[in-house]
Amino acid sequence: MPFASDKEAADALAAAYQKLRREIGKVIIGQEDVVELVLTAVFSQGHCLLVGVPGLAKTLLIQTVADALDLSFNRVQFTPDLMPSDIVGSETLNKERDFHFVPGPIFANIVLADEINRTPPKTQAALLESMQEYAVTVAGKRYALPRPFFVLATQNPIEQEGTYPLPEAQLDRFMFNIELGYPSYEAELQIVKNTTSNHRVQVEKVLHADEIQAFQQLVRRVPVADNVVEYAVGLVHKTRPNTGRAAARASQLLEWGAGPRASQHLIVGAKCHALIHGKYSPDIEDVQAVALPILRHRLVRNFKAEAEGITVDQLVKELL
């Protein structure tokens, strides 16, 4: 998919994004902001954590995105007895009594880790290693994962008894923490009509793996003005309590702030946000557009914030 210039490639990405929105919208009613963030993560080479109560079409959304992008898709239902080998694969004996590697469900372009907080840390770590390294190691051998590769994990915010919450260091590997809310009345009417009849839609394949990788490289090449980078890094520094650039509210209400990975994701996310909206370089508004889902899971409230019922979302909005 050669382009004469990066400008031409940027226009193609913006057009492909609009077509993707239309195709996904055939199946997913409402949730426009969620769809935009998931696609932004795809083109930014990031992973997503989706948080929402059951029945909000998290799995259907991810399956539909995989269909529209013509990517392979596997779903893993995380349970307390799930072992690392159930995800990455294992070595088994064949008929000739030789060991050979049988790949696990992680060997797909898009992997849905359903209810990731319901499995013990050992199994969580196996998945999160692949997110960072884009490879798995079994019996001393390294196996590369197919590219592009994305992990989209889901969590249920209710029924936390008996779960294994992801540590902050592992949460930091997710580019976005996306919260899904209930659909509007009008959207739910349409959902019920579509899903309780013989209505079937065919999602057209918009992009292929090599095209997605080309657009990922394009996002990295987008130029960014110094003032935009300074704003992003300054915003992250505001979240670090009791440091030289900390915001007063952050020092009052936070135990820990965001690390350098947040600054990196803010810039890459802003680049992609600019491109899909028809701009050739991001500005401060693009950083602000992606800031909440990037910072939401990287800030740790202190006792005072919890006692006063102040959420991380409220604090991030104040800092913006």
| request: Given the peptides 38-46, 128-136, arrange them by the average over their residues of other C-beta atoms within 10 Å, most packed first. | output: 38-46, 128-136
| Got the relative contact order for the stretch 223-319 handy, in percent, Cα pairs under 8 Å and 6 or more residues apart? | 30
| note | For the chain (alpha-carbon point model, no solvent) the Debye-based log₁₀ I(q)/I(0) at q = 0.10 Å⁻¹ works out to -0.62
| Per-residue [θ]222 nm for the chain (sum of -39500 (n - 2.57) over DSSP H runs n ≥ 4, rounded to 500) | -14000 deg cm²/dmol
| request: Cross-chain or 8 or more residues apart, Cα under 16 Å: how many lysine pairs in the chain fit that? Count them up, please. | output: 8
| task | Report the convex hull volume per residue for the stretch 223-319, counting only C-alpha atoms, in Å³. | result | 82
| For the stretch 1-148, what proportion of DSSP beta bridges, expressed in % and rounded to the nearest 5, is antiparallel? | 65
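With the contact rule set at Cα under 8 Å and sequence spacing of 6 or more, what percent relative contact order holds for the chain?
Relative contact order of the chain: 22 percent.
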| Principal axes of the stretch 179-220: Cα extent on each, largest first, Å | 40, 27, 12
| query | Using a Gaussian network for the chain with springs between C-alpha atoms less than 10 Å apart, which of these wobbles most: GLN190, GLN77, GLN124? | reply | GLN190
| remark: Rounded to the nearest 5, the percent of DSSP beta bridges in the chain running antiparallel is 40
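Rule-based calculations on the coordinates, nothing more; no lab input. Since this is a predicted model, take the numbers as computed values, not measurements. Neighbour counts are summed over all protein chains in view; Cβ atoms, including those assigned to glycine, are modelled from backbone coordinates with ideal geometry.
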